[in-house]
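Step one of this worksheet: look at the structure below.
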Amino acid sequence: MADKTELIACRLKELLHGVASRNPIKQAIIALEKGDRSFSWIGSTGETDSDGTQIQEETPFFIASIDKMFNATIVMKLVEDGQLSLDDTITTYLPGTITRGLHRTGTIDYSEQITVRQLLAHTSGLADWLEDYPKGGQSLVDQVIDKGDMTFTIEDMTAVVRDQLKPHFPPQDPSEKQPKIRYSDTNYMLLIAIIEAVTGQPLHQVHEQLIFKPLSLRHTYFAGHSQPLDPTPKPAILRANGQQLHIPLFLRSIWGIYSTAADTLAFLRHFVHDEVFKDPGTLVSMQKHWNRFGFPFDRAALRAPGWPIEYGLGIMRFRLPRVFNPIHPMPSVLGHTGSTGCWLFYCPQLDMMLTGSVDEVTAGALPYRIVPKILKILSSLK
């Protein structure tokens, strides 16, 4: 067994250095852990500062849209406590200054019909305030990359959706057969506003009370809003096309989270072992209806999760179709990825948890290439 684990560690190290050598990537962290904690591995490589500082295994990284899984967890805990209902409309919790006219198609305004469940499942049809392109203009994420740091409020974000962008389809019931589904950051910014409205607290305090402290995530924090519970190294540098991207105001605006490999694995371990929710049925309900994203047909969709990824309520399911490897098909994984080339997945078949990041905003698709390679290496351990 020792020889096998040493060989696996050697192959993982080769993969790690191969990832970090891909232009424009400059750094990488890869970590994994077996469900019973009988096997674990973590590796890091690359420079995370202009002075040559090397990234370490304990270095926090920006978890990007992995935070959707964290925020969905908060929503479901609030549902358990009876503070909100998934089938309530967003107008139940948010003022008209935010919701009015968000989803207007011709003479029909669907804004007051959108539910919390549809936000969680990405079936609202709402335009993506961050990634979608207005007619003849740049997406906001491109503007931030090209022009530098910016700050936004929820009112600014919804104004972009209302005034500059068009919805993609009418709101869909995620429990229906083959509903339309479109990844949209707008959905989760609205969920953040709902969490704050329901609890009467800023988001970072809600997370500290319901997730960070109970699960002992001591090195996880909100950029510009909070500090980690314990002393923590400086975070990894975020890059765009290999160049440092210094955007503290923007990260604060979107409630961006920094975490470490150990903390993200700890969150996932508690999550998949059903140690986060009071009711075992809550975790089941998040995975009850899997809806597959379609093929991308526009520039914005090319940057977002698409086919063959499926989505439940705040959680992804990913598996390469058997045609890509008919002899040794990839087992499915559950979790989430982020647009900066980060991932957090659990593989039930191998009972293995995987996390990692390259902190490069052009590497959003990287996890869907790297995770199958990690699983292939780990299959020999099974």
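The values are calculated or read from the model by the stated rules, or taken from the named source; none is laboratory data. Since the structure is predicted, the reported quantities are computational estimates derived from the model, not experimental observations. In this analysis, Cβ positions are derived from the backbone assuming ideal geometry, glycine residues included, and neighbour counts consider all displayed protein chains. Ligands, DNA and RNA are stripped out before the accessible areas are found, and what is left, the full protein with its side chains, is counted by its heavy atoms. Shrake-Rupley method; radii C 1.70, N 1.55, O 1.52, S 1.80 Å.
The residue 169 and residue 376 beta-carbon pair, evaluated with R₀ = 30 Å, returns a calculated FRET efficiency of approximately 0.25. Among the GluC sites (Glu not before Pro) within segment 129-228, those in coil by DSSP and having at most 12 neighbouring Cβ atoms inside 10 Å are 176.
Using C-alpha pairs under 8 Å with a sequence gap of at least 6, the mean separation divided by the residue count of segment 85-184 gives a relative contact order of 36 percent. The distance separating the Cα centre of segment 230-245 from that of segment 110-152 comes to 24 Å.
Taken over segment 223-284, the convex hull of the Cα atoms encloses 146 Å³ per residue. Placing a label point 7 Å from the Cα of residue 234 along the Cα-to-Cβ direction, no residue of segment 135-169 has a backbone N closer than 18 Å.
Over the chain, all Cα pairs binned in 10 Å intervals from 0 give whole-percent P(r) values of 5, 24, 35, 26, 9, 1, 0, listed from short to long. Surface composition of the chain: carbon and sulfur make up 50 percent of the accessible area, probe 1.4 Å.
In plain terms, the chain from residue 275 to residue 147 could stretch by 41.8 nm, reckoned as 0.36 nm per residue minus the Cα-Cα distance. Over segment 81-187, the hull volume per residue, using the convex hull of the C-alpha atoms, is 119 Å³. Count Lys and Arg as plus one, Asp and Glu as minus one, and take only other residues whose Cβ is under 10 Å from that of residue 290; the net charge is then +2.
Counting Lys and Arg as +1 and Asp and Glu as -1 over every other residue whose Cβ lies under 9 Å from the Cβ of residue 278, the net charge comes to -2.
Quick one: Cα centre-to-centre distance for segment 295-370 and segment 38-98, in angstrom? Taking the Cα centre of segment 38-98 as reference, the centre of segment 295-370 is 16 Å away. A straight Cα-to-Cα reach below 28 Å connects residue 376 with the lysines 4, 13, 26, 34, 68, 288, residues fewer than 8 places away in its own chain not being considered.
Counting 0.36 nm for each residue step from residue 87 to residue 369 and taking away their Cα separation leaves a gain of 97.9 nm. Relative contact order for the chain: 22 percent, from Cα pairs under 8 Å spaced at least 6 residues apart, divided by residue count.
Loop-resident trypsin sites (Lys or Arg not before Pro) (DSSP state other than H, G, I, E or B) in segment 1-59 with no more than 11 further Cβ atoms inside 10 Å of their Cβ: 37. Each Cα pair under 8 Å and six or more residues apart adds its sequence gap; the mean of these over the residue count of segment 174-328 is a relative contact order of 21 percent. Neighbours of residue 181 by Cβ distance under 10 Å: Lys/Arg scored +1, Asp/Glu scored -1, total +2. Rounded to the nearest 500, the 222 nm mean residue ellipticity of the chain from helices alone is -9500 deg cm²/dmol, with -39,500 (n - 2.57) taken per DSSP H run of at least 4 residues. With a simple spin-label model that places each label point 7 Å from the Cα along the Cα-to-Cβ direction, the separation between residue 51 and residue 36 comes to 4.6 nm. Surface exposure of the chain, expressed per residue as accessible area with a 1.4 Å probe, stands at 43 Å². Using only side-chain charges placed at the Cβ, +1 for Lys and Arg and -1 for Asp and Glu, the dipole size of segment 21-131 relative to its Cα centre rounds to 280 debye.
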